Amino acid sequence: MNDRVLVFDTTLRDGEQSPGVHLTMPEKLEIGHMLVAMGVDIIEAGFPISSPGDFEAVETLSKHLLGVTICGLTRAREKDIDAAGEALKPAQRPRIHTGLGVSENHLRYKLKMTEDEALETGVRAVKHARKYTDDIEYFMEDSGRAKKDYVYRVVEKVIAAGATTINVPDTTGYTYPEEYRQLIHDIRSNVINSDKAVFSCHCHNDLGMATANTLGGILGGARQVEVTINGIGERAGNTALEEVVMALNTRKDYFGIETSVKTELLLAASKMVSKLTGMMVQRNKAVVGANAYAHSSGIHQDGVLKERSTYEIIDPRLVGAEKSEIILTARSGRHGLRHRLAELGFNFTEERFEAIYEQFLAMADHKKEVNDEDLRVLVS
Ligand code: KIV
Ligand code: ZN
């Protein structure tokens, strides 16, 4: 039996922090329903103290979304925690996500606290949050740049105070996959009570490493991943849900880890979030980009038409796409053209086909893509 990793979706919190994104309440609920249908384990619905809109989002999703944990973010302050506790009241399974920075940078410049002051503040926050729920996640902001000995001390004390999940955010996207794997591994092996909590990866994509770092964290022993649909989020974004889920699915042989996400809904979720947030998905985006299952060069088309897995490691139907696509361009070969013509119901003698192929190449040299209408004109 494979191990399971919990999927914590933060599209509605960290994702909504993307510059230029604002979701209305009905839009948040629509995304929330999609996340439940997909089978994610935890939905971070907002940061209740930050605005009336975020409070309403956490409260409304708590009321309407059943069978899933609803999480509200807080700083390590009583009034934040009280707001989250209030907003989460209707939830079947409420989680409070509290914490504060652990790196020297955050302690000195942002929090203006000593290590001990920050540690005591965090412990007090956990104890206060436990008045509302037993499900407490503690985040150690900027763990990726923090001193490990201090991180170990924080983890031990907040677990002792009642935290059940420990979030190890690489807030600035600074670490490398092997470094992040080691960080999770070291925390788990150097903290005496680490077996009392689930460790969570929360990676940002500033160096394009968020997915790789998250997978590294899993190899280090983390059993929760914090992700967003299409990887939206602050600056260069968060780890993309669809990338982690499909990496674990495609490489079961390597990771031996499962998620509860229904992969067939990945493309629909990606399109929904893109439409509602106005954040376009780049064509070559892994897993859900428009080109992810499209083949345009003759060599690749020939290979895929003979056997799909020659150039595709994911069956597009697994993510809800109809099928692989053959895009006809000046780099396409005879096999691709013949295949598309046959799909359109045209079959020709060798001689006639050669003549059409010559005309196709001449047309393709002037167009980015030769579409079905162009082909009909050619053969007529
Ligand atoms: O990136 C980060 O550190 C965060 C925390 C607030 C969890 O988003
Ligand atoms: Zn974040």
- Look at the range 122-152 and say how many of its residues are farther than 25 Å from Gly85 by Cα and aromatic (Phe, Trp, Tyr). 2
- Item | Residues located in the range 75-106, provided they are among the basic types (Lys, Arg) and in a strand (DSSP E or B) | Arg93, Arg95
- Would you mind stating whether Leu119 is within 16 Å of ligand 1 (Cβ to nearest atom) and part of a helix (DSSP H, G or I)? no
- Give the residues of the range 167-203 that are within 15 Å of ligand 2 (Cβ to nearest atom) and in contact with a helix residue (DSSP H, G or I) (Cβ under 6 Å, 6 or more places away or on another chain), sorted by residue number. Val168, Pro169, Asp170, Tyr174, Thr175, Tyr180, Cys201, Cys203
- Filtered residue count, the range 129-146, keeping only those that are open to solvent by less than 20 Å² (accessible area, probe 1.4 Å) and assigned to a helix (DSSP H, G or I): 3
- Query: Of all helices (runs of 4 or more DSSP H) completely enclosed by the range 288-380, which ones contain at least 3 residues that are touching a strand residue (DSSP E or B) at 6+ places or on another chain (Cβ under 8 Å) and among the hydroxyl-bearing types (Ser, Thr, Tyr)?
  - Reply: none
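Taking the residues in the range 232-257 that are open to solvent by 50 Å² or more (accessible area, probe 1.4 Å) and outside any helix (DSSP H, G or I) as candidates, determine which candidate is nearest to Gly320 (Cα to Cα). Steps first, please.
Pass one, the range 232-257, residues open to solvent by 50 Å² or more (accessible area, probe 1.4 Å): 234-236, 251-254.
Filter once more, so that each one left must be outside any helix (DSSP H, G or I): 234-236, 251.
Working: Glu234: 28, Arg235: 29, Ala236: 26, Arg251: 19 Å.
Step by step, filter the range 232-257, then rank; the result is Arg251.
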- Is it fair to say Ser297 is more than 16 Å from ligand 1 (Cβ to nearest atom), under 30 Å from Arg188 (Cβ atoms), touching a residue at least 24 places away in the same chain (Cβ under 8 Å) and surrounded by fewer than 17 Cβ atoms within 10 Å (Cβ to Cβ)? no
- Query: Is it the case that some residue within the range 67-79 is in contact with a His (Cβ under 9 Å, 6 or more places away or on another chain) and of a type in the set (Asp, Glu)?
  - Reply: yes
- Message: I'd like to verify a number: residues in the range 304-336 that are within 26 Å of the chain's Cα centre (by Cα) and hydroxyl-bearing (Ser, Thr, Tyr), how many?
- Response: 3
- Query: Within the range 49-59, can one find any residue that is under 21 Å from Arg223 (Cα atoms) and at pLDDT 95 or above?
  - Reply: no
- Among Gly67, Gly72, the single one that is in a loop (DSSP other than H, G, I, E, B), in contact with a helix residue (DSSP H, G or I) (Cβ under 9 Å, 6 or more places away or on another chain) and closer than 18 Å to Phe8 by Cα is Gly67
- Of (1) in a helix (DSSP H, G or I); (2) of a type in the set (S, T, N, Q); (3) open to solvent by 20 Å² or more (accessible area, probe 1.4 Å), Ser260 satisfies every one except (1)
- Message: Take Ala125 and tell me if it is closer than 24 Å to Leu276 by Cα, of a type in the set (A, V, I, L, M) and buried (at least 24 other Cβ atoms within 10 Å of the Cβ).
- Response: no
- Message: What's the total number of residues in the range 1-58 that are within 16 Å of ligand 2 (Cβ to nearest atom) and assigned to a helix (DSSP H, G or I)?
- Response: 5
- Task: Inspect the range 215-224 for any residue being among the aliphatic types (A, V, I, L, M), outside any helix (DSSP H, G or I) and crowded, with 24+ Cβ neighbours inside 10 Å and give the result as yes or no.
- Result: yes
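The values are calculated or read from the model by the stated rules, or taken from the named source; none is laboratory data. For clarity, every value in this text was computed on a predicted model and none was experimentally measured. Cβ: placed from backbone, ideal geometry, glycine included. Neighbour counts: every protein chain shown. The protein model used for the area step is the full one, side chains on, heavy atoms only, and it has no ligands, DNA or RNA in it. Shrake-Rupley method; radii C 1.70, N 1.55, O 1.52, S 1.80 Å.
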